Amino acid sequence: ADVIAAEARDFIHAGNGPFFLFLAPVAPHLPAHPPVRHATAFPGVTAPRTPSFNQADVSREPAWLRDRPPLTQRDIDRTDEIHRARLRAMLGVDDLVGSVIDTLEETGRLRDTYVFFLSDNGFHLGTHRLGQGKTTPFEEAIRVPLVVRGPGVPVGATVSELCATVDLAPTIAALAGVRTPAFVEGRSLVPFL
């Protein structure tokens with residue numbers, strides 16, 4: 001994330017006109033390597049123990065899940081370590097976001113820049129007896145937040161309508177004042193901003 005932050009700062013400083021910058025850090029994907037300064041953060045933190053964590057009763061679940069044994073203590077310990085590693089790596093992403101916002105502010109560009117912060121999917125960490133993963137139709141894997149800040153976006157407002165990553169291109173095109181080609185899927189989310 002630190003390398004991406006440096007490149008982003010240079011990119012923002014390099015121009016004066018409108019720009020589009022897409023940042024996609026690897027974190028928290030495995031292996032989740034945090035910056036050295038965050039390598040020991042979150043000692044003892046465990047993955048969230050939601051009601052679906054190591055789900056006891058899977059009798060109403062699909063056969064592929066009903067056949068999975070409960071997680072062992074070794075599985076749970078590994079899940080907790082993955083969770084800590086991901087949290088540590090995300091501290092680097094947090095630093096990256098702060099660096100971009102600071103650079104936008106330093107250059108006087110923050111007030112007229114839209115910033116979208118999102119993920120492509122959720123992640124299982126012990127939920128539904130799944131040590132890790134993301135390719136299921138469970139809430140933990142499909143519901144991810146989309147946070148937007150920029151001109152005209154009310155601070156603290158929440159919208160609960162469903163959208164998808166396919167809606168990003170039409171949204172960005174609309175904000176840039178360009179027409180979306182007919183072959184592009186999705187819809188502009190500008191009315192929700």
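The values are calculated or read from the model by the stated rules, or taken from the named source; none is laboratory data. Keep in mind it's a predicted model, so treat the numbers as computed, not measured. Quick reminder, even Gly has a Cβ in these numbers, built from the backbone with ideal geometry, and neighbours come from all protein chains shown. Note: areas computed on protein heavy atoms with side chains; ligands, DNA, RNA excluded. Shrake-Rupley method; radii C 1.70, N 1.55, O 1.52, S 1.80 Å.
Only helical DSSP H runs with n ≥ 4 go in: add -39500 (n - 2.57) per run for the chain, normalise by residue count and round the 222 nm mean residue ellipticity to 500 deg cm²/dmol.
-10500 deg cm²/dmol
Quick check: the distance between the Cα centres of the stretch 62-82 and the stretch 6-26, to the nearest angstrom?
41
Per residue, how many Å² of accessible area does the stretch 1-93 show with a 1.4 Å probe?
Accessible surface, normalised per residue, equals 67 Å².
Report the equivalent ellipsoid semi-axes for the stretch 126-183 in whole Å, largest first, defined as the square roots of five times the eigenvalues of the gyration tensor built from alpha carbon atoms.
Values for the stretch 126-183, descending: 30, 17, 8 Å.
What nm distance separates the two modelled labels at VAL3 and LEU23, each placed 7 Å from Cα along Cα→Cβ?
Taking the two extended label points, one gets 1.6 nm.
Please identify, among VAL93, VAL144, VAL159, the residue showing maximal mean-square fluctuation in a Gaussian network model of the chain using a 10 angstrom Cα cutoff.
Maximum among the listed residues: VAL159.
When the chain is fully extended, how far beyond the present Cα-Cα distance does ASP67 get from SER119, taking 0.36 nm per residue of separation?
Going from the current span to full extension adds 15.7 nm.
Within 10 Å of each candidate Cβ there may be at most 14 other Cβ atoms; applying that plus a DSSP loop requirement, which GluC sites (Glu not before Pro) in the stretch 99-193 survive?
Counting only loop positions with at most 14 other Cβ atoms within 10 Å, the GluC sites (Glu not before Pro) in the stretch 99-193 are GLU161, GLU185.
Under 5 Å between amide hydrogens, which residues at least 5 positions from THR127 or on another chain qualify, with H placed 1.01 Å from N in the peptide plane?
Result for THR127 returns ASN54.
How much FRET efficiency would the formula 1/(1 + (r/R0)^6) give for ARG149 and PHE11, where r is the Cβ-Cβ distance and R0 is 25 Å, rounded to 0.05?
0.85
Specify which labelled value, from [x] 19.3; [y] 18.5; [z] 17.0, agrees with Kirkwood radius over Cα pairs in Å derived from the coordinates of the model shown.
Matching the structure shown: [x].
Cα axis of helix 73-106 to longest principal axis of the chain: angle in degrees, 0 to 90, nearest 10?
The angle comes out near 10 degrees.
Local charge sum around ALA141 (other residues, Cβ-Cβ under 13 Å, Lys/Arg +1, Asp/Glu -1)?
Around ALA141, the charge tally is -1.
With a/c under 1.5 counting as rounded, go ahead and sort the stretch 74-148 into rounded, prolate or oblate using the C-alpha gyration tensor (a ≥ b ≥ c being the square roots of the eigenvalues; past the cut-off, prolate if a/b is larger than b/c, else oblate).
oblate
With a Förster radius of 35 Å, plug the Cβ-Cβ distance of ARG60 and GLU81 into 1/(1 + (r/R0)^6) and report the FRET value to the nearest 0.05.
E(calc), rounded to 0.05, equals 0.70.
How much net charge surrounds LEU189 when only the other residues with a Cβ under 9 Å from the Cβ of LEU189 are counted, with Lys and Arg +1 and Asp and Glu -1?
Around LEU189, the surrounding residues sum to -1.
Which FRET efficiency value, to the nearest 0.05, is calculated for ARG109 and LYS134 with the Förster distance at 30 angstrom and r the Cβ-Cβ distance?
The calculated FRET efficiency here is 0.30.
So, counting K/R as plus one and D/E as minus one, what does the shell of residues with Cβ under 11 Å around ASP67 add up to?
That sum, taken over residues with Cβ under 11 Å, equals +2.
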